[in-house]
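Remarks on the structure that follows.
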Amino acid sequence: MLTPQENELLTHVVPGTAMGALMRQHWTPVCLLEEVAEPDGTPVLVEALGVRLVAFRDTDGRVGLLDELCPHRRASLVMGRNEDSGLRCLYHGWKFDVKGNTIAMSSEPPESGLCTKVKQKAYETVECGGFLWAWLGVGEAPEFRRPAFAPHEDLRVSILKIRIPCNWAQIVEGQIDSAHSSSLHSSDMVPAKVDSAAADDKAWYRPSTDKSPRMQSAKTDYGFQYAAIRRPVKNAATDNYVRVTQYIAPYTALIPPNTSYNVASVIVPADNENSNFYFIAWGDPEKTPDTNAWRAFNHALPGKDVDPITWATVGTFDNRFRQDREKMKAGNFTGIAGIPNQDISMWVSMGAVVNRTDDILGASDLAIVEFRRVMVEAAKTVAAGGPAIGSDPAILQTAIASFQGVVPKEADWRELWHVNVLADH
C-alpha cells in the first residue's frame, strides 16, 4: 500500500511534478514513425507528459516537433497545411519550419519585421526503432542511445499502439506482473508439453501449468529485474521454469521472449489520466511477425480494433470490451479477443488513477511492490535535485535482456538473461 502522497508522486507526470521531471531526463518516444512517414503528410497531435505538440515531416523529409498552438492567436497547428518545407497555420497563414523558425506571415506587412522576431518552440528528435523520440527536458539533450528492443538496424521491430484512458503506472504494473497471465491470459498463453515458450499465429505456449509462481527481485541502476519461478511440465524434480522480466525506467519493460521473437512494452503518459501503450515484437525478421500480423494477432488493427486517428480501442468499458459471454460459456476464460485487450479491460476498470492506499497485495505481487518502491524513491530523488533513475549515460539498454527457459534448480536467474543480449559492446 502507498500513502495518498506517495500515490500522487508515482502517478502525476504533468509539468511541475517530480515524476514528470524524472521522465524528462530521458528521451521520450512520442509517436510511431509510421505516423509521420509521409513528406507533407497530415500533421500529428502528440500528447506526452501533460503537453500537446505537433509532429510533421516536411517536403525535404525532415521531421519537426513543435508546440501545438500557433503563437499568434493560439489556434492548433495540427489543423495546419504541411507544404513547401513548413507547417502553415490555417487561421492567418503564419508558417513555421521544423526548427520553429517563422518563415511566413501572410497577415503581416513585410516591413513590420515581426517575422524575424517570432519563433515557435521546437524539440530535438531522433528516429529509431520505429519511434520518433524527443528530448522534452531542459538544457542540452544528452546523446541518444538505442533502446533495448532495437539494438541493431537489421532486426524487425513490429509495434502496436493503443491509447488507454488510465494512468501510466497501473499499465506498467500490469506489464511486469507475471502472475496474472496464468488467469487473465490462460486461453491465449496455453500450458503445453514444450521445452521452451513457443508461439504461432494462434497462441503462445508455455512449459508449465503452475499458476502460483515464486517471485524474486533485484534492484538495478536502470530499475529492477525479477524472476517468476514455476514448476515445469517436465522434470519438475530437478528443473525450474524461469521467466525474467526487466523494468527499464521509466518507459520500458522487457517481457520474457518465446522461441520465435522477443517482446517488450513501452508506456508513455499522455497526462495523469491517459497513456499511450506500445506493445512490441522484435527480433529475427525470419521469425518475428510483421507489423500487420502482430496487430492482427493481438486484435489491435487500426480501423477495426482501434481508431486509426486517436488509437483508442473500439472496445470500451461501456461495451464490456466486446466481451463474448457465449465464448466464456464454451471455455474461453475472458471472452475478450487479444492479449492486450484483456489487459486493458482490467487497467481501465480500475479507474483513471488507481487508489493504492487500500489495495491488498500478496506474495505474487513482489514485482508490483518493487516497482512502487523503486519509482517513488526515484521521484523523491529528483524532487530533491538528484538525477533520474536510469539516466546515467554509462547505462546501455542494448546490454539488457529478458529471459525464459527451463533450467536446473541451482541456476542463478540473475545471470541467465545475459545469453539473450544481442548487441555488440
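Worth a mention:
- Counting the residues of the stretch 397-411 that are open to solvent by 60 Å² or more (accessible area, probe 1.4 Å) and either without any contact (Cβ under 8 Å) to a residue 12 or more places away in the chain or in a helix (DSSP H, G or I) (or both) gives 1.
- Criterion (out of contact with any Phe, Trp or Tyr (no Cβ under 9 Å at 6 or more places or on another chain), at negative phi and open to solvent by less than 20 Å² (accessible area, probe 1.4 Å)) met by exactly one of Y241, Y226: Y241
Residues are listed down the side, and each one gets a yes or a no for (1) in a loop (DSSP other than H, G, I, E, B); (2) in contact (Cβ under 8 Å) with a residue 40 or more places away in the chain; (3) within 18 Å of A48 (Cβ to Cβ); (4) touching a Leu at 6+ places or on another chain (Cβ under 9 Å):
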| position | (1), (2), (3), (4) |
| --- | --- |
| V126 | no, yes, yes, yes |
| P142 | yes, yes, yes, no |
| R145 | yes, yes, no, yes |
| I159 | no, yes, yes, yes |
| R163 | no, yes, yes, no |
| C166 | yes, yes, yes, no |
| A169 | no, yes, yes, yes |
| V190 | no, no, no, no |
| D201 | yes, yes, no, no |
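Okay, residues lined up against (1) within 29 Å of C128 (Cα to Cα); (2) not polar (S, T, N, Q):
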| residue | (1), (2) |
| --- | --- |
| V348 | no, yes |
| V353 | no, yes |
| V369 | no, yes |
| M375 | yes, yes |
| T381 | no, no |
| G385 | no, yes |
| P393 | yes, yes |
| L422 | yes, yes |
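- Options A384, A394; residue that is under 23 Å from the mean Cα position of the chain (by Cα), among the small types (G, A, S), exposed (fewer than 15 other Cβ atoms within 10 Å of the Cβ) and over 26 Å from Y241 (Cα atoms): A394
- Output for the stretch 150-173, where each listed residue is of a type outside the set (A, V, I, L, M), closer than 28 Å to D210 by Cβ and open to solvent by less than 10 Å² (accessible area, probe 1.4 Å): Q170
- Residues being open to solvent by less than 30 Å² (accessible area, probe 1.4 Å) and either without any contact (Cβ under 8 Å) to a residue 24 or more places away in the chain or under 32 Å from the mean Cα position of the chain (by Cα) (or both) - total across the stretch 86-97: 7
- Of all residues in the stretch 226-241, at least one satisfies being modelled with pLDDT under 95, in a strand (DSSP E or B), closer than 23 Å to V406 by Cα and touching an Asp or Glu at 6+ places or on another chain (Cβ under 6 Å).
- The stretch 297-324, residues that are free of Cβ contacts under 8 Å to residues at least 60 places away in the same chain, in a loop (DSSP other than H, G, I, E, B) and hydrophobic (A, V, I, L, M, F, W, C): L301, I309, V314, F317
- Residue selection: D365 satisfies the criterion of being in contact (Cβ under 8 Å) with a residue 24 or more places away in the chain, farther than 25 Å from R24 by Cα, among the acidic types (D, E) and not in a loop (DSSP other than H, G, I, E, B).
- Filtering the stretch 68-100 to residues that are touching a strand residue (DSSP E or B) at 6+ places or on another chain (Cβ under 6 Å) and of a type in the set (D, E) leaves E68, D97.
- Exactly one residue out of V54, V30 is surrounded by 19 or more Cβ atoms within 10 Å (Cβ to Cβ), closer than 29 Å to R373 by Cβ and of a type in the set (A, V, I, L, M): that is V30.
- The lone exception for D358 - which of (1) surrounded by 12 or more Cβ atoms within 10 Å (Cβ to Cβ); (2) closer than 26 Å to K211 by Cα; (3) in contact (Cβ under 8 Å) with a residue 40 or more places away in the chain it fails: (1)
- The stretch 219-278, subset touching a helix residue (DSSP H, G or I) at 6+ places or on another chain (Cβ under 6 Å) and either without any contact (Cβ under 8 Å) to a residue 24 or more places away in the chain or among the hydroxyl-bearing types (S, T, Y) (or both), residue farthest from P165 (Cα to Cα): Y226
The values are calculated or read from the model by the stated rules, or taken from the named source; none is laboratory data. What you are looking at is a predicted structure, and each value in this text was computed from that prediction instead of being measured. Neighbour counts run over all protein chains shown; Cβ positions are idealised from the backbone, glycine included. Calculation scope for accessible area: heavy atoms of the full protein, side chains included, ligands and nucleic acids excluded. Shrake-Rupley method; radii C 1.70, N 1.55, O 1.52, S 1.80 Å.
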